[in-house]
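K.L.:
Can you keep this structure in mind? I'll have questions shortly.
The values are calculated or read from the model by the stated rules, or taken from the named source; none is laboratory data. Treat the numbers as computed from the prediction; the structure is a model and nothing was measured. Cβ sites come from the backbone with ideal geometry, for glycine too, and all protein chains shown count toward neighbours.
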Amino acid sequence: MKVVLQNLTKKFPARGKKNHGDVIAVNNFTFEIPDGKLVGLLGPSGCGKSTMLNLISGLLKPTSGKILFGDDDVTELPAEHRGIGLVFQNYALYPHLTVRQNILFPLQNLKGKDKLSKEAMEKKVVDAAKLVQIEELMDRKPGELSGGQQQRVAIARALVKMPKVLLLDEPLSNLDARLRLQTREEIRRIQKETGITTVFVTHDQEEAMSISDQIVLMKDGVLQQLGRSQEVYDNPANLFVAKFLGTPPINIFSGNVSDGKLYIGKDAVLNTSGVPNMEVYVGIRPEGFLLSENGSLCCAMGGVEVMGRDISIVSMNEASLNFSIRSIISSDSKVDENAAFVHFDLKPNKVLLFDKKTEKRITF
Ligand code: ADP
Ligand code: MG
């Protein structure tokens, strides 16, 4: 079931704040979540991700705009009639109920023609438990489970009614690093197996990029960019998107274009014919540097970190907006850590230019 958001806006009244307007948590958002796909909704804390999810679920009513499930306008439909499954960061299980009873709970609440027989309910509970691989834990209480197991129960409970849309709000945030990785792969497997249209909210760019068919990046309630992870990483629409995606993060320099050449400080580092003379931010991905004795960009050597497959060179340049520049090169390269300077050539497709005034991307 595809989900369509049309000019969706949610304002919260400003409370106790003089001279401040309403908080616009979601601002005129328009996009479509394709049927059967997993969309990663990504952005910094406070950018409106949870508000967006709660609008899709029906727990919140939009100030304006529309939500469609398939061709049906569900904007006015209460949450319980939308056919959604919800999973939160804090699991929200009933502590006094067993795993089996927790998963069963949404089915027991079905009324009228939707009501199921005891046997049908039991089968659905077992199927959901199998899907998340917790069959052997059915008689335990949540307090007797690890965080990862509790989150699996929460996912099983969200899936037991076979929702049309699955909504996950930072579901991995309470798990340790290893479990986070494992559970995220599990969620992807389950999503693919069931084909349920899914929105996965996270502030973690790596998590979103690795799990999603498509990522949607938002800032201050406003859609910044959407697309496949690699597309957005390679072609960020603006400086914010470029800085938000990638570890280590993109290196940003102050630069200018003059007569078809890009300058960082005094160094002419790249031909940029077609770009008018202007002040720019230059973004260079860590993998965009090539060690070269006669390289066009000269930086002060800071140090070298060996990371096995790769080497990370830390260097400094007056035009860099960050204290240090991080470049990643193959461990086959020979680097003199004690040299005063290091010279780089740049891979043109890893160099991104942004208008200094608008921070929008300039292609060349
Ligand atoms: P995120 O999930 O991305 O961290 P939220 O959707 O929770 O962000 O919040 C977005 C913005 O809306 C924040 O500025 C937050 O303070 C505000 N906000 C969220 N819920 C409410 C509410 N019930 N009342 C007032 N402001 C709210
Ligand atoms: Mg949130």
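K.L.:
Could you tell me which of the residues V99, V26 is closer than 22 Å to A156 by Cβ and assigned by TED's automatic domain parsing to the domain that holds L168?
P.N.:
Details: V26 fails: closer than 22 Å to A156 by Cβ.
Of the residues listed, the single one that is closer than 22 Å to A156 by Cβ and assigned by TED's automatic domain parsing to the domain that holds L168 is V99.
K.L.:
Quick check, is G70 over 23 Å from the mean Cα position of the chain (by Cα), closer than 30 Å to Q230 by Cβ and surrounded by fewer than 19 Cβ atoms within 10 Å (Cβ to Cβ)? It would help to see each step written out before you state the result.
P.N.:
Details: over 23 Å from the mean Cα position of the chain (by Cα): yes; closer than 30 Å to Q230 by Cβ: yes; surrounded by fewer than 19 Cβ atoms within 10 Å (Cβ to Cβ): yes.
Yes: the conditions hold for G70.
K.L.:
Quick check: anything in segment 31-42 within 25 Å of G147 (Cβ to Cβ), in contact with a helix residue (DSSP H, G or I) (Cβ under 9 Å, 6 or more places away or on another chain), part of a loop (DSSP other than H, G, I, E, B) and in the same structural domain as K192 (by TED's automatic domain parsing)?
P.N.:
So far as segment 31-42 goes, no, none of its residues is within 25 Å of G147 (Cβ to Cβ), in contact with a helix residue (DSSP H, G or I) (Cβ under 9 Å, 6 or more places away or on another chain), part of a loop (DSSP other than H, G, I, E, B) and in the same structural domain as K192 (by TED's automatic domain parsing).
K.L.:
In segment 43-61, what count of residues is obtained for those that are crowded, with 22+ Cβ neighbours inside 10 Å and either more than 10 Å from ligand 2 (Cβ to nearest atom) or part of a loop (DSSP other than H, G, I, E, B) (or both)?
P.N.:
Residues flagged as crowded, with 22+ Cβ neighbours inside 10 Å and either more than 10 Å from ligand 2 (Cβ to nearest atom) or part of a loop (DSSP other than H, G, I, E, B) (or both) within segment 43-61 amount to 4.
K.L.:
While we're looking at this one, here's another question. When only residues in segment 203-222 that are aliphatic (A, V, I, L, M) and crowded, with 20+ Cβ neighbours inside 10 Å count, which is nearest to the chain's Cα centre (by Cα)?
P.N.:
Start the filter on segment 203-222 by keeping residues that are aliphatic (A, V, I, L, M), which leaves 208-209, 211, 215-218, 222.
Applying the additional criterion that residues be crowded, with 20+ Cβ neighbours inside 10 Å yields 208-209, 211, 215-218.
On the way: A208: 4, M209: 6, I211: 9, I215: 6, V216: 7, L217: 7, M218: 9 Å.
Selected residue: A208.
K.L.:
Given the conditions (1) of a type in the set (V, I, T); (2) crowded, with 16+ Cβ neighbours inside 10 Å; (3) touching a strand residue (DSSP E or B) at 6+ places or on another chain (Cβ under 9 Å), report the number of the one that I103 does not fulfil.
P.N.:
(3)
K.L.:
Does S315 satisfy the criteria of being free of Cβ contacts under 8 Å to residues at least 40 places away in the same chain, crowded, with 20+ Cβ neighbours inside 10 Å and polar (S, T, N, Q)?
P.N.:
Working: free of Cβ contacts under 8 Å to residues at least 40 places away in the same chain: yes; crowded, with 20+ Cβ neighbours inside 10 Å: yes; polar (S, T, N, Q): yes.
Taking the combined requirement at face value, the residue satisfies it.
K.L.:
Which of (1) surrounded by fewer than 23 Cβ atoms within 10 Å (Cβ to Cβ); (2) out of contact with any Lys or Arg (no Cβ under 8 Å at 6 or more places or on another chain); (3) not small (G, A, S) does D139 not meet, given it meets every other one?
P.N.:
The number of the failed condition is (2).
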